[in-house]
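Written below as structure tokens is the structure these notes are about.
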Amino acid sequence: MQIDPHYDNELLTPQEVADILKVSIHTVMNYFKSEINPLPVIKITSSTYRVRKSDLLEWMKSLPDPRMDV
């Protein structure tokens, strides 16, 4: 099996996601629970979550461009 070198499977904590997006951890948790376009999350335990970096990048691409709201 070949692994695409551009596919990043690194797991991020909710805090790391918040830092990347420049939002609060509370906002990231809301993204997990969103009914419309939720951020994919891996639930490790009842209080431990991780996000694949590749999933975060794909999710970010799926968001509307805020520049188009002008």
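Every number in this text was worked out from the coordinates using simple rules, so none of it is lab data. What you see is a predicted model, and the numbers here were worked out from it, not measured in a lab. Cβ sites come from the backbone with ideal geometry, for glycine too, and all protein chains shown count toward neighbours.
What is the spin-label model distance, in nm, from GLU58 to THR13 if the labels are put 7 Å beyond Cα along the C-beta direction?
2.5
Measure off 7 Å from each Cα along the Cα-to-Cβ vector at LYS22 and SER46, then give the distance between these two points in nanometres to one decimal.
3.7
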